[in-house]
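Remarks on the structure that follows.
None of the figures in this text is laboratory data; all of them are computed from the coordinates on show. Predicted model only: the values in this text are computed from it and were never measured. In this analysis, Cβ positions are derived from the backbone assuming ideal geometry, glycine residues included, and neighbour counts consider all displayed protein chains.
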């Protein structure tokens, strides 16, 4: 999953970015509202984390601008203002949730997962395709009775595929959701991770879930649903 972090406190931004990257997210970080608006319009993100107090254009103005330009990405607003009217202003500007500073990182993680659940339509947060089960909250995965040991990037790619069952995921789509602009990746990196996933989630089983769409990309096939 790819996140856009718009926070002018560079120490806090760097800390959050490193923490979220360790969790397997790809994070693009900018430090003012004008750059944040440019990035928010330039690419498709799964979540935007937006501070209210920003130079150039504050978070409320930026949130309204993105919504007015039909950016539907879930926005989690960070604010040091805990007055009710400030929280109401944030939500009325188009934010989906807010978090009051200072906050615990575990709460930020939980709110990110809640927004992703809201987008995917799942209630528990667990993703299931056939007998393959993935839990973003505990960062665990299993197929049938077999627990799967996945790296952060393998987990992220599998999560992305499972959030779009039976749908084509091109290499470009996978790259844009799993690596930030700062990372330069080889042209075959997605193919490499798909091969690694196949060895873990398909090779030991009779029914194969990962499909290659020749010349286009990949998809994960839910045998219980029609494509």
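Evaluate E = 1/(1 + (r/R0)^6) for residue 64 and residue 44, where r is the Cβ-Cβ distance and R0 equals 30 Å; express this FRET efficiency to the nearest 0.05. Computed FRET efficiency for residue 64 and residue 44 comes out at 0.95. Given a Förster distance of 41 Å, report the FRET efficiency between residue 212 and residue 53 from their Cβ-Cβ distance, rounded to the nearest 0.05. After rounding, the FRET efficiency stands at 0.30. As a calculated quantity, the FRET efficiency between residue 88 and residue 164 at R0 = 41 Å, using C-beta atoms, amounts to about 0.75. In a fully extended conformation the segment linking residue 152 and residue 172 would gain 5.3 nm over its present Cα-Cα distance, using 0.36 nm per residue. Helix 189-201 and the long axis of the chain differ in direction by around 60°, with both axes built from C-alpha atoms.
For the chain, the longest principal axis of the C-alpha atoms and the axis of helix 59-68 are separated by about 60°.
Taking the Cα of residue 131, stepping 7 Å toward and past its beta carbon, and measuring to each backbone N in segment 146-173: which are under 16 Å? The answer is 146-148, whose backbone nitrogens lie closer than 16 Å to the label point.
How would segment 2-120 be classified by its alpha-carbon gyration tensor: rounded, prolate or oblate, with rounded meaning a/c under 1.5 and the a/b versus b/c comparison settling the rest?
rounded
In segment 23-77, Cα pairs under 8 Å separated by at least six residues give a relative contact order of 41 percent.
On C-alpha positions alone, give me the angle between the axis of helix 105-120 and the longest principal axis of the chain, in degrees, nearest 10. The helix 105-120 is inclined about 60 degrees to the chain.
More than 29 Å apart: what percent of Cα pairs in the chain qualify?
30
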